[in-house]
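This report refers to the structure that appears directly beneath it.
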Amino acid sequence: MVKITKKIKKISKGVDKKKFYALSEAVTLVIDRCVALFDETIEIAMNLGVDARHADQMVRGVVNLPNGTGRVVRVAVFARGEKADEAKVAGADIVGAEDLFEIVNRGGILEFDRCIATPDMMPLVARLGKILGPRGMMPNPKVGTVTPNVASAVRASKGGAVEFRVEKNGIIHAGVGKASFGSRQIVENIRAFTYAVVMAKPVGVKGEYVKRVAITSTMGIGVKVDVSSLRSS
């Protein structure tokens, strides 16, 4: 039997586990229960009516959250010449070509959170698929991380761009801001995120697409959200 701690009992008080709350109320409930000694991340989980085992039902994309994510994103860029210079000016943390390839290929802890590449670098970057792929860092043109416009991609990554990809069980997880943002900014971020997921709906998916949504904080409890309240009023 799982033991319920005093802390969990305290933050669970006032939350009906069976109720689906309007988005603004759900966000307030989650933020008010952030009691950790650090700025907790507010997270969303969306259960979609897709079978991600089929390629034509894959849901993935990228969205720029209007209020950013509140986290520092370290960006690596595979580029040469002028494009490498543009990436550095835009704020990329690591820029390189064969030298960056060797750093990544050696394995170990990667000193970046997102990877961007110019199209001409992809034959080299593709050889790192077994390392970058499992970490969700493989550059992909569908989410704007394979692009000749590396400066724009770097700025977007640094400014609040969030990539999403449905898991095999049909669930999408993402961080949508920090508790310190306050309710209004979190609500705006969630609406932007869920809109992007809805717009990424595969053509072949029939029936109910967004089945269930819940939000939580890093150390908090989950609160169910009424799907109809995700749309802007």
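The values are calculated or read from the model by the stated rules, or taken from the named source; none is laboratory data. None of these values were measured; they are calculated from a predicted model. Neighbour counts run over all protein chains shown; Cβ positions are idealised from the backbone, glycine included. With ligands, DNA and RNA removed, areas are computed over all heavy atoms of the protein, side chains included. Shrake-Rupley method; radii C 1.70, N 1.55, O 1.52, S 1.80 Å.
Quick look at the values:
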| read-out | value |
| --- | --- |
| Filtered residues of region 132-148 (kept if open to solvent by less than 30 Å² (accessible area, probe 1.4 Å) and not in a loop (DSSP other than H, G, I, E, B)) | 132, 143, 146 |
| Strands (runs of 3 or more DSSP E) within region 1-104 that include 1 or more residues open to solvent by less than 80 Å² (accessible area, probe 1.4 Å) and among the charged types (D, E, K, R) | 41-48, 60-64 |
| Counted residues, region 212-233 - those being among the charged types (D, E, K, R), under 13 Å from residue 194 (Cα atoms) and at pLDDT 95 or above | 2 |
| Qualifying residue in region 158-175 (condition: open to solvent by 20 Å² or more (accessible area, probe 1.4 Å), in contact with a helix residue (DSSP H, G or I) (Cβ under 9 Å, 6 or more places away or on another chain), within 25 Å of residue 133 (Cβ to Cβ) and part of a helix (DSSP H, G or I)) | yes |
| The one condition in (1) outside any loop (DSSP other than H, G, I, E, B); (2) surrounded by fewer than 23 Cβ atoms within 10 Å (Cβ to Cβ) that residue 197 fails to fulfil | (2) |
| Among residues of region 204-213, those that are open to solvent by 30 Å² or more (accessible area, probe 1.4 Å) and either in contact (Cβ under 8 Å) with a residue 40 or more places away in the chain or aromatic (Phe, Trp, Tyr) (or both), counted | 5 |
